[in-house]
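Structure, as structure tokens:
The values are calculated or read from the model by the stated rules, or taken from the named source; none is laboratory data. Predicted, not measured: the structure shown is a model, and the values here were computed from it. Note: ideal-geometry Cβ built from the backbone for every residue, glycine included; neighbour counts use all protein chains shown. Areas reflect the complete protein model, heavy atoms only, side chains present, ligands, DNA and RNA absent. Shrake-Rupley method; radii C 1.70, N 1.55, O 1.52, S 1.80 Å.
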Amino acid sequence: MRPEAKPGTYLVLDIRDTGCGMSPDILNRIFEPFFSTKEPGKGTGLGLSTVLGVVRNHGGFVDVESHVGIGSTFRVYLPTQTESTSGNSVKMASDALPKGQNEVVLLAEDEISVREITQATLEASGYRVIPAEDGSQAIGLYALNKRDIALVITDMMMPNMDGAALITALRHLDPKLPIIAVSGVDLERDVARAAALGIAHVLAKPYTAETLLRKVSAVVTKERT
């Protein structure tokens, strides 16, 4: 039933609720990027697709059961490993991906799950992260920490002040500040908008930890040189 699963022992994380549940037609689409039952502007529909991507990157899979009026159960299956194998895998993964040198990254992202996963990934790889919920908060945090910030990563679609407005404001404060734009809805449009603002580096959601770290490393390394 799970073609991606490999024989072996798994650790299972079981999460249950007693909410309204989901109908079969919604249940079949919950992991689709950008699919959301929320009102426009209330969510990106990337939370569960990001979770699924992270779990798959660790060799696992997710199983879901849901019944209308009863609730839902999410089961996250992660393969276990022997101590020696686990240590080797962690070392190989650590050696393969680029590391930061304690650079400070200002991260502007309104989607909580994406912001937290991105922050954790960067911090585990040697960066310091200042998180912001939207562009207006990011501007205030930049003003307080502008001497330390080496890079800004901003989502292009956010409430209150979107990524384009934030980039414009930051460019007035520091025309040479390295910035990575993140596109979550319309990549072609966001690439064009970013290019018009002088931004050459764009990440498309959902992105993997490897894609994120290689992009950040490339931009920061270029700034060092």
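What the table shows:
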| quantity | calculated |
| --- | --- |
| Amide H contacts under 5 Å for His201, placed H, 5+ residues apart | Ala181 |
| Over 22 Å between alpha carbons, listed pairs Lys38/Lys215; Lys99/Lys215; Lys146/Lys176; Lys176/Lys215; Lys6/Lys215; Lys6/Lys205 | Lys38/Lys215; Lys6/Lys215; Lys6/Lys205 |
| Amide H contacts of Ile149 (H built 1.01 Å from N, under 5 Å, at least 5 apart or other chain) | none |
| For region 155-210: Kirkwood Rh in Å [reciprocal of mean 1/r, alpha carbons] | 11.5 |
| Check: the chain dipole with +1 on Lys, Arg Cβ and -1 on Asp, Glu Cβ, in debye | 620 |
| Charge sum, other residues only, whose C-beta stays under 10 Å from Val12's C-beta, Lys/Arg counted +1 and Asp/Glu -1 | -1 |
| Over the chain, relative contact order from alpha-carbon pairs under 8 Å, at least 6 apart, % | 17 |
| Given the chain, longest segment not containing exposed loop trypsin sites (Lys or Arg not before Pro) (DSSP; at most 16 other Cβ within 10 Å) | 43-98 |
| Difference of contour (0.36 nm per residue) and Cα-Cα distance, Glu133 to Ile15 | 39.9 nm |
| Net charge of neighbours whose Cβ lies under 11 Å from the Cβ of Leu197, counting Lys and Arg as +1 and Asp and Glu as -1 | +1 |
| Bridge type composition, the chain - antiparallel percent by DSSP, nearest 5 | 45 |
| Share of carbon and sulfur in the accessible heavy-atom surface of the chain [1.4 Å probe, %] | 56 |
| Average accessible surface area per residue within the chain, 1.4 Å rolling probe, Å² | 58 |
| List Ser72, Ser36, ordered by accessible area with a 1.4 Å probe, largest first | Ser36, Ser72 |
| Solvent-accessible surface ranking, highest first, for Asp17, Asp155, Asp110 at 1.4 angstrom | Asp17, Asp110, Asp155 |
